[in-house]
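The values are calculated or read from the model by the stated rules, or taken from the named source; none is laboratory data. Because the structure is a prediction, the values reported are computed rather than measured. Quick reminder, even Gly has a Cβ in these numbers, built from the backbone with ideal geometry, and neighbours come from all protein chains shown. Side chains are part of the model used for accessible areas, which takes the heavy atoms of the whole protein and leaves out ligands, DNA and RNA. Shrake-Rupley method; radii C 1.70, N 1.55, O 1.52, S 1.80 Å.
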Amino acid sequence: MFGRSQVEIPLDLRARLEAARLDLLALFRALDRMHLTPEQIPQRLIQQLFELDADFVEALWGLDQPRGKLNRRAMLRDSLAALEQLPAACSRFRRTLPPHVQPALSQLELTIRVNLNPTEAYNMVPGRDPQNG
């Protein structure tokens, strides 16, 4: 019988996933506070960001699962792919916003990001209560 080779999860993967979730949370909250119309927000591109965020939620959940419960190789492959896609997806999204909105959004996003509680990276992660860390 051949055993499955152990998948080595990079030590920084959790931190990278948490940072990505917090960056997206800051962007989403900033957009909400800008009171933009749906026409001003590129719907297809924001949907891509929501999908990447969902990938990060799933990956954070997966990291907490016992060995053998899920395919760690696939989880790692998908997580790294999502992390790699995030900068370009955010850049495409920001470029398509109305030019007059971009500076204010960037400033608001930064302000929100520095004030986020790191446990908020686990919002909507099954089995995690952000209030309890």
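Distant-in-sequence amide contacts of R128, defined by a placed amide H-H separation under 5 Å and a gap of 5 or more residues or a different chain, comprise nothing. Computed from the C-beta positions of N115 and R77, the FRET efficiency with R₀ = 30 Å rounds to 0.35.
Compute the whole-percent fraction of alpha carbon pairs in the stretch 1-50 spaced more than 12 Å apart. Mind dumping the intermediate values first?
Working: 922 of 1225 pairs.
Here the long-distance tail beyond 12 Å is 75 percent of all Cα pairs in the stretch 1-50.
Computing FRET efficiency as 1/(1 + (r/R0)^6) for F28 and D64, where r is the C-beta to C-beta distance and R0 is 25 Å, gives about 0.60.
Assuming 0.36 nm per residue, please report the length gained on full extension of the stretch M124 to S91 beyond their Cα-Cα distance. Before the final figure, lay out each step's value.
On the way: separation 33, 0.36 × 33 = 11.88 nm, distance 2.48 nm.
Using 0.36 nm per residue and subtracting the Cα-Cα distance, I get 9.4 nm.
Other residues within the sphere of radius under 12 Å centred on the Cβ of A89, judged by their own Cβ, net out at -1 (K and R +1, D and E -1).
Of the accessible area of the chain, with the probe set at 1.4 angstrom, what percent is carbon plus sulfur? Working shown, then result.
Numbers: 4590 of 8420 Å².
That share works out to 55 percent.
Helix 72-95 and the long axis of the chain differ in direction by around 10°, with both axes built from C-alpha atoms. What the chain shows is 63 Å² of accessible area per residue, with the surface traced by a 1.4 Å probe over protein heavy atoms. Based on C-alpha pairs under 8 angstrom that are at least 6 apart in sequence, the chain has a relative contact order of 40 percent.
Using the average count of surrounding beta-carbon atoms within 10 Å as a protection proxy, the listed peptides 48-56, 100-108, 16-24, 28-36 rank, highest first, as 16-24, 48-56, 28-36, 100-108. Applying Stokes-Einstein at 37 °C and 0.692 mPa s to the Kirkwood radius of the chain, computed over alpha-carbon pairs, gives a translational diffusion coefficient of 204 µm² s⁻¹.
I'd like the FRET efficiency for H100 and R14, computed as 1/(1 + (r/R0)^6) with the beta carbon distance as r and R0 of 30 Å, rounded to 0.05. Please list the in-between numbers first.
On the way: r = 38 Å, r/R0 = 1.26.
E between H100 and R14, to the nearest 0.05, is 0.20.
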